[in-house]
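What follows draws every value from the coordinates through simple rules; no lab data is involved. As the structure is a computational prediction, the values presented were derived from the model and not from experiment. Backbone-built Cβ (ideal geometry, glycine too); neighbour counts: all protein chains shown.
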Amino acid sequence: MANRHIAIAGNIGAGKTTLTGRLAQVLGWTAQYENPDSNPYIADFYKDMRRWGFNMQIHFLYSRIAKLKELRAGNENIIQDRTIYEDIYIFAPNLVEMGVMSQRDYVCYANLFEQIKDFLQPPDLLIYLRGSDAALKARIEQRNRHYEQSIRTEYLRALNRRYDSWIETYDLGPVYIVDIDRSNFNHNEKDLQRIAQDVRQHLQLPQTA
C-alpha cells in the first residue's frame, strides 16, 4: 500500500506541532514538522510586515514544496505540520487585505502557486485545529516565542475568518475538525486517543483495543 499522508492545519498557536508529534507517536507514523524559525525572514516580518511579507511567503512556499517532494519520494506514513495551501489561501491574501503585501506581489506569488498546484498531491486526511481568538492568544503567550509576542488578537481573528472560509470550501479530500477550546490533546490522554480513533476511522485503519 502506498504511503499515507495526514496534514494538520490551523492558526498560529493552535497546537499543530504538538498534535503532529503526539499523533505520530500513537499511530506509529513519522512526524514532519514545520520549522518557522528556519525562515530567515520571520523575525524581521513581525517587526516590519510591509517590508518582509512577500519574502517570508516565498520562502515558506519553497520550503513546503521541498517537504512535499521529500514526502512523496519516501515510503513512510507521514503526519505533516501545516499545509502548503494555508500560505496561498490564508496568509498571503490576509497580508494583502492588511495592506502589508502589494497586489502586484500577491499576483506574482499566486501565479507561481498556480504553476505548481497541479503537481501537488493533497493529503489523505486534513485535520483542522479550530480555536477561538482567546485560546490562540493564550497558547502563543504560553509558548513564549520571542518573535510572536507582538502578534495582535485582531491579526489572529482575521486569520481565523479565512481559515473557516477555506475549510468550508475545501474539496481535495476528507476534513476532520478538532475544537482546541474543548480538546486538550497535549495533556489529556483520552482526548488524544479519541482523535487517534477518529483518524483511524477516516482512513479506514485498524482500530486498537
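Using the Karplus curve 6.51 cos²θ - 1.76 cosθ + 1.60 with θ = phi - 60°, work out ³J(HN,Hα) for each residue of region 31-42 in order, rounded to whole Hz, and write x for Gly and Pro.
8, 10, 8, 6, 10, x, 5, 7, 6, x, 9, 5
Sequence-distant or interchain residues sharing an amide H contact under 5 Å with Y176, placed H: which?
Answer set, sorted by chain and number: L126, I127, Y128.
Charges on Cβ only, +1 for Lys and Arg, -1 for Asp and Glu, centred on the Cα centroid of the chain; of F119, A134, G173, which one is farthest towards the dipole's positive end?
A134
Which length gain, in nm to one decimal place, applies between H146 and K69 when the Cα-Cα distance is subtracted from 0.36 nm times their residue separation?
That pair, H146 and K69, stretches by 24.6 nm at full extension.
What angle, in degrees between 0 and 90 and rounded to the nearest 10, separates the Cα long axis of helix 133-143 from the longest principal axis of the Cα atoms of the chain?
With both axes taken from Cα atoms, the answer is about 90 degrees.
Taking the Cα centre of the chain as the origin, how large is its charge dipole in debye, to the nearest 20, when only Lys and Arg (+1) and Asp and Glu (-1) carry charge on their Cβ atoms? Write out the running numbers ahead of the final one.
On the way: 26 positive and 26 negative charges, 50 e Å.
The calculated dipole for the chain is roughly 240 debye.
Taking the chain, how many lysine pairs are there with alpha carbons less than 25 Å apart, if each pair must be eight or more places apart or span two chains?
10
Measure nothing fancy, just the Cα-based angle from helix 103-116's long axis to the longest principal axis of the chain, in degrees from 0 to 90, nearest 10.
Helix 103-116 sits at roughly 40 degrees to that axis.
What does the charge add up to near Q197, with Lys and Arg as +1, Asp and Glu as -1, over the other residues with Cβ less than 13 Å from its Cβ?
With Lys, Arg at +1 and Asp, Glu at -1, the neighbours total 0.
With axes computed from alpha carbons, what is the tilt in degrees of helix 153-169 against the longest principal axis of the chain, rounded to the nearest 10 within 0 to 90?
The helix 153-169 is inclined about 60 degrees to the chain.
Please go through region 64-131 and write out the GluC sites (Glu not before Pro) that DSSP classes as loop and that have at most 13 other C-beta atoms within 10 Å.
Numbers: sites: E70, E76, E86, E97, E114; in loops: E76.
Sparse-neighbourhood loop GluC sites (Glu not before Pro): E76.
If each DSSP helix of 4+ residues adds -39,500 (n - 2.57) and the sum is divided by the residues in the chain, what number results at 222 nm, nearest 500 deg cm²/dmol? List each step's numbers first, then the result.
Details: 8 runs with 106 residues, N = 209.
Result for the chain, helices only: -16000 deg cm²/dmol.
Please report, in debye to the nearest 20, how large the charge dipole of region 108-209 is about its Cα centre when each Lys and Arg carries +1 at its beta carbon and each Asp and Glu carries -1 there.
Numbers: 14 positive and 15 negative charges, 70 e Å.
About 340 debye.
For the chain, build the charge dipole from Cβ charges (+1 Lys, Arg; -1 Asp, Glu) around the Cα centre, then report which of N184, L95, N55 sits farthest towards its positive end.
N184
Could you compute Rg(Cα) / (2.2 N^0.38 Å) for region 5-203, with N its residue count?
Numbers: Rg = 16.3 Å, N = 199, 2.2 N^0.38 = 16.4 Å.
That ratio works out to 0.99.
How big is D for region 123-209, in µm² s⁻¹ as a whole number, if Stokes-Einstein is applied with the Kirkwood radius of its Cα pairs at 10 °C and 1.306 mPa s?
Taking Rh from Cα pairs, D becomes 108 µm²/s.
In whole Å, how far is the Cα centre of region 1-77 from that of region 132-197?
15
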